[in-house]
1. Hey, does the range 200-214 have a residue that's in contact with a Phe, Trp or Tyr (Cβ under 8 Å, 6 or more places away or on another chain), in a strand (DSSP E or B) and touching a residue at least 60 places away in the same chain (Cβ under 8 Å)?
2. Pick out the one residue from Ala84, Ala95, Ala88, Ala54 that is crowded, with 18+ Cβ neighbours inside 10 Å and either basic (Lys, Arg) or assigned by TED's automatic domain parsing to the domain that holds Ser30 (or both).
3. Looking at the range 340-357, which of its residues are touching a Ser or Thr at 6+ places or on another chain (Cβ under 8 Å) and not in a helix (DSSP H, G or I)?
4. Among the residues of the range 306-317, which ones are in contact with a helix residue (DSSP H, G or I) (Cβ under 8 Å, 6 or more places away or on another chain) and buried (at least 18 other Cβ atoms within 10 Å of the Cβ)?
5. Right, Ile56: in contact with a helix residue (DSSP H, G or I) (Cβ under 9 Å, 6 or more places away or on another chain) and either in a helix (DSSP H, G or I) or more than 17 Å from Lys123 (Cβ to Cβ) (or both) or not?
6. Please work out which one of (1) surrounded by fewer than 15 Cβ atoms within 10 Å (Cβ to Cβ); (2) over 24 Å from Gly190 (Cα atoms) is the condition Glu230 fails and give its number.
7. Pick from Glu297, Glu343, Glu324, Glu275: which is surrounded by 15 or more Cβ atoms within 10 Å (Cβ to Cβ) and within 22 Å of the chain's Cα centre (by Cα)?
8. Can you pull out every residue in the range 165-192 that is surrounded by 10 or more Cβ atoms within 10 Å (Cβ to Cβ) and at pLDDT below 75?
Amino acid sequence: MSLTEAQKFHLKKFIKELEQYRGRHTELVSVYIPQDYDLNKIINHLAQEQGTAANIKSSATRKNVTDALERMIQHLKLFKKTPANGLAVFSGNVAQREGQQDFKVWSIEPPVPLKTRIYRCDKEFVLDILRDMLEAKEVYGLVVMDRRDANIALLKGKTIIPIVKTHSEVPGKFKAGGQSAARFSRLIEGAAKDHYKKVADYMKDAFLNLEGLKGIIVGGPGPTKYDLVEGNFITNEVKKKIIAIKDLSYTGEFGLEELLEKSQDVLAQEDVTEEKKIVNKFLETLATKQSMTAYGEADVMSKLKMGIVDTLLLSEDLPDEKIEEFEAAAKPVGTNVKIISTETREGVQLRDLGRAAAILRYEYHG
């Protein structure tokens, strides 16, 4: 599953806050509770750990660990059950000076289901699992083919993962003696169609229900790739996911590498397509029906509080507390919130328009 910009923003902020704390000894407690795991079992386990902590020789460390565990137990008792995606909880004495006490507890339901159970006391909080969630989980489908061969693979990050390789029964250019040119041509066409159908079936098996699939890129030498894509072979649901067709010099594994090389423009573009779409929608509405838009922090906040904002666009250039203020106002009125990066021309336009913009639910002439 791919995270929205808003989910990334909140997760990054949470991680950044916890990264700043260091314990003097192994006294900062991190607990990860997997989805569907019994919360009572975790609470009982933490109570047992309190008993074990009583054996720590240093009285200051012993107190810090047992008190951190107690705060965490009390915090967990506020939950009726484990949230749908699980829970990550952190507790410890984060006072800057030795001998002082400032116990804090944090918890977050992660945007991705937790599968791992962890209990750890360390000098810093265990955050790698949350950091990993920020990494792209999207995949792309790659198809390289000509009349003779086809390779289907996945692209995860920068890694090509081959799925299937198939070879056609299309005859070569020589023909068996005694066959008429017309009959031989029909044989070739029939075998080519069988090859396309087989490739289309493999594409359906590989891509139709693939979670996190952002798009399919097809490539190959010559016109065959267009015959496959434009002919009536690929099921519509899969065909809709094709985002580019590229001319290649090779097939096979070299072809997959070449396809990746020639698709960098598409892949970079895809990452920001959704953002560009929504900002362009705002700019078009601003140009054609200004009374259905608002921009600038004060104007947008005013419309938001009136409950008439359908989609709220916030530049990542806004301070964190401002973004949170807008989100808090958007939640009770059911407004859709989009956080927009400044990596695109459209993102820069939004920033220059006052870092906040809105598409309204209806025209407003106030």
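1. The initial filter retains those residues of the range 200-214 that are in contact with a Phe, Trp or Tyr (Cβ under 8 Å, 6 or more places away or on another chain), namely 200, 213-214.
Checking which are in a strand (DSSP E or B) leaves us with 213-214.
With the extra rule that they be touching a residue at least 60 places away in the same chain (Cβ under 8 Å), the set shrinks to 213-214.
Checked the range 200-214: at least one residue is in contact with a Phe, Trp or Tyr (Cβ under 8 Å, 6 or more places away or on another chain), in a strand (DSSP E or B) and touching a residue at least 60 places away in the same chain (Cβ under 8 Å).
2. Ala88
3. Ile340, Thr342, Arg355, Ala356, Ala357
4. Passing the criteria: Val309, Thr311, Leu312, Leu313, Leu314, Ser315, Glu316.
5. Numbers: in contact with a helix residue (DSSP H, G or I) (Cβ under 9 Å, 6 or more places away or on another chain): yes; either in a helix (DSSP H, G or I) or more than 17 Å from Lys123 (Cβ to Cβ) (or both): no.
So Ile56 fails the test.
6. Only one criterion is unmet by Glu230, namely (2).
7. On the way: Glu297 fails: within 22 Å of the chain's Cα centre (by Cα); Glu343 fails: surrounded by 15 or more Cβ atoms within 10 Å (Cβ to Cβ); Glu324 fails: surrounded by 15 or more Cβ atoms within 10 Å (Cβ to Cβ).
On inspection, the qualifying residue turns out to be Glu275.
8. Here is the first cut: in the range 165-192, the residues surrounded by 10 or more Cβ atoms within 10 Å (Cβ to Cβ) are 165-171, 175, 179, 183-192.
Passing the criteria: Glu169, Val170, Pro171, Lys175, Gln179, Phe184.
The values are calculated or read from the model by the stated rules, or taken from the named source; none is laboratory data. Given the structure is predicted, the values throughout are model-derived calculations rather than measurements. A quick note on method: Cβ atoms are made from the backbone with ideal geometry, for glycine too, and the neighbour counts reach across all protein chains shown.
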